[in-house]
Amino acid sequence: MKTLFSLVVTVFFLMAGTGAQAGLQEGIDAYGKGNYPAALKEFRPLAAKGNAAAQSILGFMYANGQGVPQDYNKAEAWYRKAAAQGDADAQTFLGIMYGKGQGVPQDYGKAAEWYRKAAEQGVADAQSNLGMMYANGQGVPQDDKEAAAWYRKAAEQGNAPAQFNLGVMYANGQGVPLDMVEAYKWFSLAEAVVGEEAANNRKLVEAGMTPRQIEEAQKLSREWAEKHK
């Protein structure tokens, strides 16, 4: 199964809705333009005052060396402050840091704990990563049914790695009934992002399907894509 972490910076651009504190939008605008010094000028005071969104973004900037020297310890510290306030993105990033041992000792159990907190708030990346931990028995008991359940939650939100992994589970009958139509559907949907690996798996599945099954799988793929535009 794929073991890639699939977080995107664009989550931050959703944080400046109604009630955003002064300076947060300015910081986000500057960040989006790649003007990291200007972004830091806005984020630092907000983060120091306890703004969880600013803390989370500041952690991300330290983790990736954007406008500051890369420093996983400082990234972890800012993520933790935001995560303690329930910021789901920071919780997800903490899960990644524990999973990779960045700024903290590698600890799959703690990674799973942070992923779960974010996954329960509906973060697709956290759901996908938690599913992967159940599939591999990392930090949690190995459980294909739990893995499939979390993959499905993320896949239904359009998370391509989760769609790919759910396709694998249907193709192998792991945690779900063996179903080549469903496998084809999820591989097909994942293909735009995952690429050749998903395309190859779809072709392998297709080789064992009847024309009617292929037609049904293609129909389901189109309907899902249309519904989730």
Report, in degrees rounded to the nearest 10, the 0 to 90 angle that the Cα long axis of helix 88-100 makes with the longest principal axis of the chain. 80 degrees
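Run the helix sum for the chain: -39,500 (n - 2.57) per DSSP H stretch of 4+ residues, divided by residue count, reported at 222 nm to the nearest 500 deg cm²/dmol.
Counting only the DSSP helices, I get -21000 deg cm²/dmol.
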Name the residue farthest towards the positive end of the dipole of the chain from the options VAL140, ALA77, LEU189, assuming +1 on Cβ of Lys and Arg, -1 on Cβ of Asp and Glu, about the Cα centre. ALA77
Restricted to pairs 8 or more residues apart or on different chains, the lysines in segment 66-174 with C-alpha atoms under 22 Å apart form a number of pairs equal to 13
Kindly write out, for segment 138-150 in residue order, the coupling ³J(HN,Hα) from the Karplus curve 6.51 cos²θ - 1.76 cosθ + 1.60 (θ = phi - 60°), rounded to whole Hz, with x marking Gly and Pro. 9, x, 9, x, 4, 7, 5, 5, 5, 4, 5, 5, 6
Computed on Cα atoms, Rg of segment 19-59 relative to 2.2 N^0.38 Å comes out at 0.98
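Segment 33-77: Rg/Rh from Cα coordinates, Kirkwood Rh?
Working: Rg = 9.6 Å, Rh = 10.2 Å.
With Rh from the inverse mean 1/r over Cα pairs, Rg/Rh is 0.94.
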If only Cα atoms are counted, what is the Rg of segment 137-195, and what is its Dmax, in Å? 10.9, 32
How do ILE28, ILE57, ILE96 rank when sorted from fewest to most other Cβ atoms within 10 Å of their own Cβ? ILE96, ILE28, ILE57
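Give me the percent of Cα-Cα pairs in the chain that sit more than 25 Å apart, rounded to a whole number. Write out the running numbers ahead of the final one.
Working: 12081 of 26106 pairs.
The proportion of pairs with Cα distances above 25 Å equals 46 percent.
Read the figures in this text as sums done on the coordinates, not as results from a lab. Computed from a prediction, not measured in an experiment: that's the story for all the values here. Cβ sites come from the backbone with ideal geometry, for glycine too, and all protein chains shown count toward neighbours.
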